[in-house]
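Taking it in order: structure first as C-alpha coordinates, then the write-up.
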Amino acid sequence: MNLIHSFLNLVSPPFTFISLFLLLPPYQAFKSFLSLVGALFTENVNGKVVLITGASSGIGEHLAYEYAKRGACLVLVARRQNLLEEVADIARYYGSPSVITIKADVSKFEDCRRVINETMNQFGRLDHLVNNAAITHLVLFEDIADIAAFRQVMDINYWGAVYITHLAIPYLRYSRGKIVALSAPPAWLPAPRMSIYNSSKAAIKSMFETLRVELAPEIGVTIVTPGFVESELTQGKALNAVGKTELRQDMRDALIGIVPVETAEECAKAVVRGVCRGHRYVTEPSWYNVLYYWKAFCPEVVEWCYRILAMPAPGASESDALSKYALDFTGGKYLLYPSSIRSTELKAD
(Lines give C-alpha, C1' and ligand atoms only; values in the text may rest on other atoms or scores of the structure.)
Protein backbone atom coordinates (compact mmCIF):
# COMPACT_ATOMS: atom_id res chain seq x y z
CA MET A 1 0.00 0.00 0.00
CA ASN A 2 2.81 2.44 0.86
CA LEU A 3 4.44 1.60 -2.46
CA ILE A 4 1.24 2.54 -4.31
CA HIS A 5 1.04 5.89 -2.52
CA SER A 6 4.70 6.56 -3.25
CA PHE A 7 4.08 5.84 -6.93
CA LEU A 8 1.03 8.16 -7.02
CA ASN A 9 2.95 10.91 -5.21
CA LEU A 10 5.54 10.71 -7.97
CA VAL A 11 3.37 10.53 -11.09
CA SER A 12 0.27 12.54 -10.11
CA PRO A 13 1.78 16.07 -10.36
CA PRO A 14 3.26 15.73 -13.87
CA PHE A 15 0.22 13.77 -15.12
CA THR A 16 -2.12 16.47 -13.81
CA PHE A 17 -0.06 19.28 -15.31
CA ILE A 18 0.07 17.64 -18.74
CA SER A 19 -3.64 16.76 -18.65
CA LEU A 20 -4.66 20.30 -17.76
CA PHE A 21 -2.38 21.72 -20.45
CA LEU A 22 -4.05 19.52 -23.08
CA LEU A 23 -7.64 19.61 -21.86
CA LEU A 24 -8.08 23.17 -20.62
CA PRO A 25 -8.40 24.90 -24.04
CA PRO A 26 -11.13 22.58 -25.42
CA TYR A 27 -12.85 22.55 -22.03
CA GLN A 28 -13.00 26.36 -21.93
CA ALA A 29 -14.27 26.39 -25.51
CA PHE A 30 -17.02 23.96 -24.53
CA LYS A 31 -17.97 26.13 -21.53
CA SER A 32 -18.14 29.19 -23.79
CA PHE A 33 -20.46 27.28 -26.12
CA LEU A 34 -22.73 26.30 -23.22
CA SER A 35 -22.78 29.92 -22.06
CA LEU A 36 -23.84 31.04 -25.53
CA VAL A 37 -26.59 28.42 -25.63
CA GLY A 38 -27.78 29.58 -22.19
CA ALA A 39 -27.92 33.17 -23.38
CA LEU A 40 -29.97 32.19 -26.43
CA PHE A 41 -32.35 29.86 -24.61
CA THR A 42 -32.80 31.54 -21.24
CA GLU A 43 -35.52 30.19 -18.95
CA ASN A 44 -38.87 31.96 -19.02
CA VAL A 45 -40.05 32.29 -15.40
CA ASN A 46 -43.34 34.00 -16.26
CA GLY A 47 -45.99 32.39 -14.05
CA LYS A 48 -43.48 30.19 -12.23
CA VAL A 49 -43.25 30.16 -8.44
CA VAL A 50 -40.11 31.51 -6.77
CA LEU A 51 -39.47 31.27 -3.02
CA ILE A 52 -36.92 33.73 -1.62
CA THR A 53 -35.68 33.67 1.97
CA GLY A 54 -34.26 36.82 3.54
CA ALA A 55 -36.43 38.86 1.17
CA SER A 56 -37.04 41.87 3.42
CA SER A 57 -33.92 43.83 2.46
CA GLY A 58 -30.69 43.91 0.49
CA ILE A 59 -30.02 41.34 -2.21
CA GLY A 60 -33.11 39.28 -1.33
CA GLU A 61 -35.37 42.31 -1.73
CA HIS A 62 -34.00 43.15 -5.17
CA LEU A 63 -34.07 39.51 -6.29
CA ALA A 64 -37.80 39.70 -5.62
CA TYR A 65 -38.06 42.77 -7.86
CA GLU A 66 -36.08 41.14 -10.70
CA TYR A 67 -38.19 38.00 -10.63
CA ALA A 68 -41.31 40.18 -10.47
CA LYS A 69 -40.26 42.04 -13.62
CA ARG A 70 -40.07 38.63 -15.35
CA GLY A 71 -43.61 37.78 -14.28
CA ALA A 72 -42.86 35.21 -11.58
CA CYS A 73 -45.16 34.47 -8.65
CA LEU A 74 -43.34 35.10 -5.38
CA VAL A 75 -43.17 33.64 -1.91
CA LEU A 76 -41.26 36.12 0.25
CA VAL A 77 -39.88 34.90 3.57
CA ALA A 78 -38.21 36.82 6.39
CA ARG A 79 -38.57 37.61 10.08
CA ARG A 80 -39.75 41.21 9.61
CA GLN A 81 -43.34 41.16 8.40
CA ASN A 82 -43.68 44.93 7.94
CA LEU A 83 -40.70 45.11 5.59
CA LEU A 84 -41.88 42.03 3.72
CA GLU A 85 -45.22 43.69 3.00
CA GLU A 86 -43.46 46.75 1.58
CA VAL A 87 -41.34 44.55 -0.69
CA ALA A 88 -44.44 42.61 -1.75
CA ASP A 89 -46.26 45.81 -2.76
CA ILE A 90 -43.35 46.93 -4.91
CA ALA A 91 -43.03 43.46 -6.47
CA ARG A 92 -46.69 43.57 -7.47
CA TYR A 93 -46.09 46.99 -9.02
CA TYR A 94 -43.19 45.57 -11.03
CA GLY A 95 -45.41 42.87 -12.50
CA SER A 96 -45.59 39.83 -10.25
CA PRO A 97 -49.07 38.31 -10.74
CA SER A 98 -49.21 36.90 -7.20
CA VAL A 99 -47.14 37.54 -4.08
CA ILE A 100 -47.48 36.04 -0.63
CA THR A 101 -45.41 36.90 2.43
CA ILE A 102 -44.57 34.51 5.25
CA LYS A 103 -43.02 35.60 8.51
CA ALA A 104 -40.63 32.83 9.47
CA ASP A 105 -37.24 32.08 11.01
CA VAL A 106 -35.41 29.67 8.72
CA SER A 107 -33.20 28.49 11.58
CA LYS A 108 -36.31 26.71 12.92
CA PHE A 109 -37.22 23.52 11.08
CA GLU A 110 -40.94 23.82 11.82
CA ASP A 111 -40.97 27.33 10.36
CA CYS A 112 -39.37 25.97 7.19
CA ARG A 113 -41.97 23.20 7.01
CA ARG A 114 -44.71 25.80 7.36
CA VAL A 115 -43.20 27.91 4.56
CA ILE A 116 -43.16 24.97 2.13
CA ASN A 117 -46.68 23.89 3.12
CA GLU A 118 -48.09 27.39 2.64
CA THR A 119 -46.33 27.68 -0.71
CA MET A 120 -47.85 24.43 -1.96
CA ASN A 121 -51.29 25.27 -0.55
CA GLN A 122 -51.24 28.63 -2.33
CA PHE A 123 -49.61 27.73 -5.65
CA GLY A 124 -49.42 23.94 -5.87
CA ARG A 125 -45.89 24.07 -7.25
CA LEU A 126 -42.39 25.41 -6.64
CA ASP A 127 -39.92 26.23 -9.41
CA HIS A 128 -37.04 28.22 -7.87
CA LEU A 129 -35.83 28.14 -4.28
CA VAL A 130 -33.52 31.05 -3.44
CA ASN A 131 -31.59 30.54 -0.19
CA ASN A 132 -30.59 34.09 0.65
CA ALA A 133 -31.25 34.53 4.40
CA ALA A 134 -28.07 35.31 6.32
CA ILE A 135 -26.58 37.28 9.19
CA THR A 136 -22.98 38.23 9.82
CA HIS A 137 -20.63 39.57 12.46
CA LEU A 138 -17.75 42.03 12.50
CA VAL A 139 -15.59 41.03 15.43
CA LEU A 140 -12.24 39.28 15.78
CA PHE A 141 -12.60 35.67 16.91
CA GLU A 142 -10.59 36.10 20.11
CA ASP A 143 -12.64 39.19 21.05
CA ILE A 144 -15.93 37.26 21.05
CA ALA A 145 -17.29 37.41 24.60
CA ASP A 146 -20.09 34.85 24.20
CA ILE A 147 -19.09 32.25 21.63
CA ALA A 148 -22.30 30.26 22.16
CA ALA A 149 -24.32 33.25 20.92
CA PHE A 150 -22.65 32.91 17.53
CA ARG A 151 -24.28 29.57 16.87
CA GLN A 152 -27.10 31.61 15.32
CA VAL A 153 -24.81 32.44 12.38
CA MET A 154 -24.56 28.79 11.38
CA ASP A 155 -28.20 28.15 12.30
CA ILE A 156 -29.49 30.83 9.93
CA ASN A 157 -26.87 30.89 7.18
CA TYR A 158 -26.27 27.14 6.84
CA TRP A 159 -28.99 25.13 8.57
CA GLY A 160 -31.69 27.51 7.38
CA ALA A 161 -30.73 26.74 3.78
CA VAL A 162 -30.37 23.02 4.49
CA TYR A 163 -33.75 22.69 6.22
CA ILE A 164 -35.82 24.40 3.58
CA THR A 165 -33.94 22.79 0.68
CA HIS A 166 -34.52 19.30 2.10
CA LEU A 167 -38.24 20.00 2.37
CA ALA A 168 -38.45 21.57 -1.11
CA ILE A 169 -36.60 18.90 -3.12
CA PRO A 170 -39.64 16.69 -3.95
CA TYR A 171 -41.52 19.67 -5.41
CA LEU A 172 -38.48 21.03 -7.26
CA ARG A 173 -37.84 17.60 -8.77
CA TYR A 174 -41.43 17.46 -10.02
CA SER A 175 -41.11 20.88 -11.70
CA ARG A 176 -37.48 20.27 -12.78
CA GLY A 177 -36.72 23.47 -10.94
CA LYS A 178 -33.66 25.22 -9.61
CA ILE A 179 -31.97 25.86 -6.28
CA VAL A 180 -30.09 29.12 -5.81
CA ALA A 181 -27.68 29.24 -2.87
CA LEU A 182 -25.97 32.45 -1.82
CA SER A 183 -22.46 31.81 -0.64
CA ALA A 184 -19.79 34.57 -0.62
CA PRO A 185 -16.12 35.14 -1.55
CA PRO A 186 -15.16 34.74 2.16
CA ALA A 187 -16.01 31.06 1.64
CA TRP A 188 -12.49 30.86 0.22
CA LEU A 189 -10.99 34.20 1.30
CA PRO A 190 -9.72 34.60 4.91
CA ALA A 191 -11.49 37.90 5.58
CA PRO A 192 -10.81 38.88 9.22
CA ARG A 193 -13.58 39.73 11.72
CA MET A 194 -15.90 37.30 9.91
CA SER A 195 -14.54 33.89 10.88
CA ILE A 196 -17.81 32.11 11.69
CA TYR A 197 -19.68 33.83 8.86
CA ASN A 198 -16.91 32.73 6.48
CA SER A 199 -17.27 29.16 7.73
CA SER A 200 -21.03 29.20 7.17
CA LYS A 201 -20.58 30.37 3.59
CA ALA A 202 -17.91 27.73 2.94
CA ALA A 203 -20.37 25.13 4.26
CA ILE A 204 -23.04 26.46 1.89
CA LYS A 205 -20.67 26.15 -1.06
CA SER A 206 -19.69 22.59 -0.18
CA MET A 207 -23.27 21.48 0.53
CA PHE A 208 -24.76 22.76 -2.70
CA GLU A 209 -21.88 21.58 -4.86
CA THR A 210 -22.61 18.13 -3.46
CA LEU A 211 -26.35 18.52 -4.08
CA ARG A 212 -25.59 19.53 -7.67
CA VAL A 213 -24.13 16.05 -8.16
CA GLU A 214 -26.87 14.25 -6.24
CA LEU A 215 -29.86 16.06 -7.78
CA ALA A 216 -28.79 16.35 -11.42
CA PRO A 217 -30.28 16.39 -13.97
CA GLU A 218 -33.75 16.96 -12.50
CA ILE A 219 -32.79 19.97 -10.36
CA GLY A 220 -30.26 22.63 -11.31
CA VAL A 221 -28.10 24.34 -8.69
CA THR A 222 -26.63 27.82 -8.99
CA ILE A 223 -24.17 28.98 -6.34
CA VAL A 224 -23.95 32.76 -6.06
CA THR A 225 -20.93 34.53 -4.57
CA PRO A 226 -21.69 38.24 -4.29
CA GLY A 227 -18.89 40.54 -3.23
CA PHE A 228 -19.48 43.72 -1.27
CA VAL A 229 -23.04 44.57 -2.28
CA GLU A 230 -25.46 47.12 -0.87
CA SER A 231 -27.01 45.33 2.11
CA GLU A 232 -27.32 45.47 5.87
CA LEU A 233 -23.73 44.21 6.12
CA THR A 234 -22.36 47.07 4.04
CA GLN A 235 -24.52 49.44 6.08
CA GLY A 236 -22.61 48.15 9.11
CA LYS A 237 -25.35 46.05 10.75
CA ALA A 238 -23.71 43.00 12.31
CA LEU A 239 -23.36 40.99 15.49
CA ASN A 240 -21.12 42.43 18.18
CA ALA A 241 -18.94 40.54 20.68
CA VAL A 242 -21.93 39.29 22.70
CA GLY A 243 -23.98 38.24 19.67
CA LYS A 244 -26.32 41.23 19.51
CA THR A 245 -27.02 43.15 16.30
CA GLU A 246 -25.77 46.70 16.25
CA LEU A 247 -24.55 49.31 13.78
CA ARG A 248 -20.76 48.85 13.45
CA GLN A 249 -19.78 51.25 10.69
CA ASP A 250 -16.19 51.69 11.86
CA MET A 251 -15.69 47.91 11.68
CA ARG A 252 -17.37 47.87 8.27
CA ASP A 253 -14.92 50.49 7.00
CA ALA A 254 -11.99 48.48 8.35
CA LEU A 255 -13.17 45.44 6.42
CA ILE A 256 -14.29 47.02 3.14
CA GLY A 257 -11.90 49.97 2.96
CA ILE A 258 -11.63 51.33 -0.58
CA VAL A 259 -13.22 48.31 -2.27
CA PRO A 260 -16.21 49.56 -4.32
CA VAL A 261 -19.66 48.44 -3.15
CA GLU A 262 -22.12 47.39 -5.85
CA THR A 263 -25.80 48.29 -5.71
CA ALA A 264 -28.19 45.48 -4.77
CA GLU A 265 -30.18 46.19 -7.93
CA GLU A 266 -27.24 45.49 -10.26
CA CYS A 267 -26.29 42.39 -8.30
CA ALA A 268 -29.84 41.01 -8.44
CA LYS A 269 -30.04 41.56 -12.20
CA ALA A 270 -26.85 39.56 -12.72
CA VAL A 271 -27.99 36.78 -10.39
CA VAL A 272 -31.43 36.26 -11.96
CA ARG A 273 -29.93 36.48 -15.44
CA GLY A 274 -27.35 33.82 -14.55
CA VAL A 275 -29.90 31.54 -12.89
CA CYS A 276 -32.25 31.71 -15.87
CA ARG A 277 -29.35 30.88 -18.18
CA GLY A 278 -28.54 27.83 -16.10
CA HIS A 279 -25.14 28.98 -14.84
CA ARG A 280 -23.54 26.78 -12.21
CA TYR A 281 -21.88 29.76 -10.54
CA VAL A 282 -22.59 33.49 -10.51
CA THR A 283 -19.95 35.80 -9.07
CA GLU A 284 -20.97 39.45 -8.92
CA PRO A 285 -19.19 41.75 -9.54
CA SER A 286 -17.42 39.32 -11.87
CA TRP A 287 -13.97 40.81 -11.19
CA TYR A 288 -14.02 38.99 -7.85
CA ASN A 289 -13.23 35.82 -9.82
CA VAL A 290 -9.58 36.89 -10.06
CA LEU A 291 -9.32 36.72 -6.26
CA TYR A 292 -10.00 32.99 -6.41
CA TYR A 293 -6.89 32.49 -8.55
CA TRP A 294 -4.81 34.58 -6.16
CA LYS A 295 -6.04 32.43 -3.28
CA ALA A 296 -5.40 29.19 -5.19
CA PHE A 297 -1.91 30.01 -6.44
CA CYS A 298 -0.58 32.59 -3.97
CA PRO A 299 -2.39 32.02 -0.66
CA GLU A 300 0.38 33.63 1.38
CA VAL A 301 0.05 36.87 -0.58
CA VAL A 302 -3.70 36.99 0.14
CA GLU A 303 -3.10 36.41 3.84
CA TRP A 304 -0.39 39.08 3.99
CA CYS A 305 -2.65 41.61 2.27
CA TYR A 306 -5.47 40.98 4.72
CA ARG A 307 -3.08 41.16 7.67
CA ILE A 308 -1.54 44.43 6.50
CA LEU A 309 -4.70 46.17 5.29
CA ALA A 310 -7.54 44.92 7.49
CA MET A 311 -6.03 43.95 10.85
CA PRO A 312 -5.48 46.45 13.70
CA ALA A 313 -1.94 47.30 14.75
CA PRO A 314 -0.77 45.86 18.09
CA GLY A 315 -2.30 47.87 20.93
CA ALA A 316 -4.68 49.77 18.61
CA SER A 317 -8.47 49.67 18.82
CA GLU A 318 -10.21 46.82 17.01
CA SER A 319 -11.49 49.08 14.23
CA ASP A 320 -8.09 50.58 13.42
CA ALA A 321 -6.83 49.32 10.09
CA LEU A 322 -4.86 50.67 7.15
CA SER A 323 -7.87 50.11 4.88
CA LYS A 324 -10.02 52.37 7.07
CA TYR A 325 -7.36 55.08 7.16
CA ALA A 326 -7.14 54.96 3.34
CA LEU A 327 -10.91 55.30 3.06
CA ASP A 328 -11.07 58.23 5.47
CA PHE A 329 -8.05 59.99 3.95
CA THR A 330 -9.24 59.76 0.35
CA GLY A 331 -12.92 60.39 1.05
CA GLY A 332 -13.55 57.39 -1.19
CA LYS A 333 -16.77 56.53 0.63
CA TYR A 334 -18.62 59.18 -1.38
CA LEU A 335 -17.47 57.62 -4.63
CA LEU A 336 -17.31 53.91 -3.80
CA TYR A 337 -20.34 53.39 -1.52
CA PRO A 338 -23.98 53.62 -2.74
CA SER A 339 -26.08 56.49 -1.45
CA SER A 340 -28.20 54.16 0.73
CA ILE A 341 -25.13 53.34 2.83
CA ARG A 342 -24.20 56.99 3.26
CA SER A 343 -27.78 57.85 4.24
CA THR A 344 -27.66 55.17 6.94
CA GLU A 345 -24.59 56.86 8.38
CA LEU A 346 -26.34 60.23 8.44
CA LYS A 347 -29.26 58.69 10.35
CA ALA A 348 -26.84 57.09 12.79
CA ASP A 349 -25.18 60.43 13.39
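The values are calculated or read from the model by the stated rules, or taken from the named source; none is laboratory data. Since the structure is predicted, the reported quantities are computational estimates derived from the model, not experimental observations. Note that each Cβ is placed from the backbone with ideal geometry, even for glycine, and that neighbours are counted across all protein chains shown. In case anyone asks, the SASA skips ligands and DNA or RNA and just uses the protein heavy atoms, side chains included. Shrake-Rupley method; radii C 1.70, N 1.55, O 1.52, S 1.80 Å.
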**Message:** Under 8 Å between Cβ atoms, which residue pairs at least 6 apart in sequence (or on different chains) link something in the range 176-188 that is under 14 Å from TYR158 (Cβ atoms) and assigned to a strand (DSSP E or B) with a partner that is open to solvent by 20 Å² or more (accessible area, probe 1.4 Å) and small (Gly, Ala, Ser)?
**Reply:** LEU182/ALA134
**Asked** Restricting to helices (runs of 4 or more DSSP H) lying wholly in the range 234-334: which have 3 or more residues that are modelled with pLDDT of 95 or more and buried (at least 20 other Cβ atoms within 10 Å of the Cβ)?
**Response** 264-276
**Item:** One residue from ILE156, ILE135 being open to solvent by 20 Å² or more (accessible area, probe 1.4 Å), at pLDDT 95 or above and either closer than 30 Å to GLY236 by Cβ or part of a loop (DSSP other than H, G, I, E, B) (or both)
**Value:** ILE135
**Asked** Within the bounds of the range 212-232, is there any residue that is modelled with pLDDT of 95 or more and of a type in the set (Ser, Thr, Tyr)?
**Response** yes
**Message:** If I filter the range 23-40 for residues that are surrounded by fewer than 16 Cβ atoms within 10 Å (Cβ to Cβ), part of a helix (DSSP H, G or I) and touching a Lys or Arg at 6+ places or on another chain (Cβ under 7 Å), do I get at least one hit?
**Reply:** yes
**Request:** Could you look through the range 143-153, keep only residues that are part of a helix (DSSP H, G or I) and modelled with pLDDT of 95 or more, and pick out the one that is nearest to ALA184 (Cα to Cα)?
**Result:** VAL153
**Complete:** Scanning the range 194-208 for residues that are open to solvent by 20 Å² or more (accessible area, probe 1.4 Å) and in contact with a strand residue (DSSP E or B) (Cβ under 7 Å, 6 or more places away or on another chain), the one nearest to VAL275 (Cα to Cα) turns out to be LYS205
**Prompt:** Which ones in the range 202-219 are among the basic types (Lys, Arg) and more than 14 Å from MET154 (Cα to Cα)?
**Reply:** ARG212
**Request:** Provide a single number: the residues in the range 166-191 that are open to solvent by less than 20 Å² (accessible area, probe 1.4 Å), within 30 Å of ALA145 (Cα to Cα) and not aliphatic (A, V, I, L, M).
**Result:** 2
**Prompt:** Pairs under 9 Å by beta carbon, first residue of a type in the set (S, T, N, Q) in the range 56-77, partner part of a helix (DSSP H, G or I) and surrounded by fewer than 23 Cβ atoms within 10 Å (Cβ to Cβ), six or more apart or different chains?
**Reply:** SER56/GLN81; SER56/ASN82; SER56/LEU83; SER56/GLU86; SER57/LEU83; SER57/GLU232
**Item:** Single match in ARG92, ARG70 (criterion: touching a Gly at 6+ places or on another chain (Cβ under 9 Å) and of a type in the set (Lys, Arg))
**Value:** ARG70
**Asked** open to solvent by 30 Å² or more (accessible area, probe 1.4 Å) and either farther than 27 Å from LEU255 by Cα or without any contact (Cβ under 8 Å) to a residue 60 or more places away in the chain (or both): does that describe ASN117?
**Response** yes
**Request:** Search the range 41-61 for residues being among the aliphatic types (A, V, I, L, M) and either at pLDDT below 75 or not in a helix (DSSP H, G or I) (or both), and hand back the single one that is farthest from GLU284 (Cα to Cα).
**Result:** VAL49
**Message:** For the structure I just gave you, tell me whether ALA64 is open to solvent by less than 20 Å² (accessible area, probe 1.4 Å), at negative phi and either of a type in the set (Asp, Glu) or in a loop (DSSP other than H, G, I, E, B) (or both).
**Reply:** no
